[in-house]
Amino acid sequence: MRRPQPTEAKHRPFAKIKAACGIAKIRPAFQRSSTAAFIGLCAGNSMLVSCLFWIGVNLGLHSDLAAQKVSPLAKAPSWDWLASCAHTFKRSEFLQILNEHYAPGDAGAAHLRVTDDSVRVRTGPDQWTEVPFASETTPQTPGPARFWRKASELPAAPASRPLENLHIAIDPGHLGGDWAQMEARYFQIGKTQPVMEGDLTLQVARKLKPLLEAKGARVSMLRSSDEPVTPERPKSLRAAATADLSGNVNADRIRLHSELFFYRISEIRARAMAVNERLKPDLVVCLHFNAEEWGNPEDPQLIPRNHLHALVNGCYGARELEWDDVRAEMLEHLFARTAEEALPLNETLAEALAEVSGLPPFTYFSSNAKRIGEGPYVYARNLLANRLYKAPVVFLEPYVMNSSPVWKRVQMGDYRGLKSVDGESVPSILSEYASGVAQGLVRYYSTRREIKQTR
């Protein structure tokens, strides 16, 4: 077991983000759409614009706020469920989770008006719904119905199978194969093996699934191949993408924006539909690899840095909460107390991954993420996946793909046992990743649920 070094990464997390919007890698710039114009109002420099651009809610937002209050491809939310939230929180408890986790810096002030007895939620341009707090005379209620179960709510499990009766959905991030270059999650040095995040995450997922099943879990895969989950394709999204653009609209911008709608929005929404309506798991494990800026895509540069972090839903900005669907989704997580399960899950899995990999924690310098919890690895951040999935989400970002040691290990492929990399004997990067996740889940549920005592 390798312990992480005590130093933190001292750089900014923009390479992966820039790659998604074509600022640093092989994709032309998207920043002149109404999406980026909106983001530009929130940012003080181009780097932060890139960072915000990648957040799911900020992709392709409509410019006419008065006419349209939902984010791309979203439906207008129903607010009827707020009735089930009455007396879920005491006032002090509500303010603490809102201000420290979900909407720091009074980000929700324009849409959430807190009085002594209740919170008034903006549910339309001139519409408000009052949700009363619990008090000494009105005891707390469980809150809205949910399909997922906390560890403490699971039936007792044998010590040898601590994941028994637990339903886990694995989400291999991004797309691979023929889609990888469109998504800009691809780079290649000379004639070496291409590095494609979507292929790597799928390989890790395939190794992780039997490890979890051996410990008793029921495991569902959100994708089992390189093919997208969404039935949409860039061509079918062309009209929506075109309507989102402003300024000098030409065929190339329409094509690129249609592709963005496909892989960054429609695909994640399709996976969310599978999670929320068909699978209904107890948690979702989102597998990703990280990346930093690699310069010229024709001659990508490797770097020495390598690190790890995990993301829990939270840290919404004021502009994000202007959108009705985003505000509703944030409040659904808040009132369902999703963070009470998601945060310790992320902390436990990040720590387990750090132990097997030796990776140091990553450091965010931007305002769209906030370090949260007791350890150095977990940040609150509003991403489309960890917002739309109505279950606790573990969102993992280990291994910088264009770091020298990771690139070498990717080139080595999968293998049994240990091999030497830079003088250190290590397992395959795929096995190491899967093992760390499995160990973290076993550790979490072995200590958080009832374990049957054997005689």
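The values are calculated or read from the model by the stated rules, or taken from the named source; none is laboratory data. Only a predicted model underlies this, so the values are computations on that prediction, with no experimental measurement involved. Please note: Cβ atoms are built from the backbone with ideal geometry, for glycine as well, and neighbour counts cover all protein chains shown.
When residues in region 406-420 are screened for being touching a helix residue (DSSP H, G or I) at 6+ places or on another chain (Cβ under 9 Å) and part of a loop (DSSP other than H, G, I, E, B), 4 of them pass.
Look at (1) over 30 Å from Arg113 (Cα atoms); (2) out of contact with any strand residue (DSSP E or B) (no Cβ under 6 Å at 6 or more places or on another chain); (3) among the hydrophobic types (A, V, I, L, M, F, W, C) and you find that Leu388 fails only one, number (1).
Return a yes/no flag: does region 104-111 have any residue that is of a type outside the set (D, E, K, R), surrounded by 14 or more Cβ atoms within 10 Å (Cβ to Cβ) and in contact with a Lys or Arg (Cβ under 7 Å, 6 or more places away or on another chain). Looking through region 104-111, at least one residue is of a type outside the set (D, E, K, R), surrounded by 14 or more Cβ atoms within 10 Å (Cβ to Cβ) and in contact with a Lys or Arg (Cβ under 7 Å, 6 or more places away or on another chain). Can you name the residue in region 367-383 that is of a type in the set (Gly, Ala, Ser) and under 12 Å from Ala339 (Cα atoms) and is also modelled with the highest pLDDT among such residues? It comes out as Ala380. The listed residues are Trp148, Trp128, and the only one of them that is aromatic (Phe, Trp, Tyr) and either surrounded by fewer than 14 Cβ atoms within 10 Å (Cβ to Cβ) or modelled with pLDDT under 95 (or both) turns out to be Trp128.
Across region 156-185, the qualifying residues are those that are closer than 19 Å to Glu293 by Cα and surrounded by fewer than 23 Cβ atoms within 10 Å (Cβ to Cβ), and the one among them that is nearest to the chain's Cα centre (by Cα) is Glu183. Do we have Ala310 as touching a helix residue (DSSP H, G or I) at 6+ places or on another chain (Cβ under 7 Å) and at pLDDT 95 or above here? It is true that Ala310 is touching a helix residue (DSSP H, G or I) at 6+ places or on another chain (Cβ under 7 Å) and at pLDDT 95 or above. With respect to Phe53, determine if the residue is part of a helix (DSSP H, G or I), within 21 Å of the chain's Cα centre (by Cα) and at pLDDT below 50. Yes: the conditions hold for Phe53. Mind checking whether some residue in region 192-202 is free of Cβ contacts under 8 Å to residues at least 12 places away in the same chain, in a loop (DSSP other than H, G, I, E, B) and surrounded by fewer than 16 Cβ atoms within 10 Å (Cβ to Cβ)? Within region 192-202 (the criterion being free of Cβ contacts under 8 Å to residues at least 12 places away in the same chain, in a loop (DSSP other than H, G, I, E, B) and surrounded by fewer than 16 Cβ atoms within 10 Å (Cβ to Cβ)), the answer is no, since none of the residues qualifies.
All of (1) assigned to a helix (DSSP H, G or I); (2) surrounded by fewer than 18 Cβ atoms within 10 Å (Cβ to Cβ); (3) modelled with pLDDT under 50 hold for Gln68 with one exception: (1). Applying the criterion of being under 22 Å from the mean Cα position of the chain (by Cα) and among the β-branched types (Val, Ile, Thr) to the residues of region 416-447, the residue that is surrounded by the most Cβ atoms within 10 Å (Cβ to Cβ) is Val437. Quick check on region 416-424. Is at least one of its residues β-branched (Val, Ile, Thr), touching a residue at least 24 places away in the same chain (Cβ under 8 Å) and in the same structural domain as Asn313 (by TED's automatic domain parsing)? Taking every residue of region 416-424 in turn, none turns out to be β-branched (Val, Ile, Thr), touching a residue at least 24 places away in the same chain (Cβ under 8 Å) and in the same structural domain as Asn313 (by TED's automatic domain parsing).
Close contacts from region 158-169, counting a first residue that is under 12 Å from Ile451 (Cβ atoms) and a second that is polar (S, T, N, Q), with Cβ to Cβ under 7 Å and a gap of 6+ residues or different chains, come to Ala159/Thr454; Pro162/Ser446. For region 265-280, does any single residue satisfy the condition of being more than 23 Å from the chain's Cα centre (by Cα) and surrounded by fewer than 20 Cβ atoms within 10 Å (Cβ to Cβ)? No, because not a single residue in region 265-280 is more than 23 Å from the chain's Cα centre (by Cα) and surrounded by fewer than 20 Cβ atoms within 10 Å (Cβ to Cβ). Restricting attention to region 104-163, the residues that are among the aliphatic types (A, V, I, L, M) and either in contact with a His (Cβ under 8 Å, 6 or more places away or on another chain) or outside any strand (DSSP E or B) (or both) total 11.
Could you tell me whether Val378 is more than 30 Å from Phe147 (Cβ to Cβ), touching a helix residue (DSSP H, G or I) at 6+ places or on another chain (Cβ under 7 Å) and buried (at least 18 other Cβ atoms within 10 Å of the Cβ)? When the stated conditions are applied, Val378 does not pass them. Inclusion of Val285 among residues that are in the same structural domain as Leu359 (by TED's automatic domain parsing), at pLDDT 95 or above, within 30 Å of Lys235 (Cα to Cα) and out of contact with any helix residue (DSSP H, G or I) (no Cβ under 6 Å at 6 or more places or on another chain) is not warranted.
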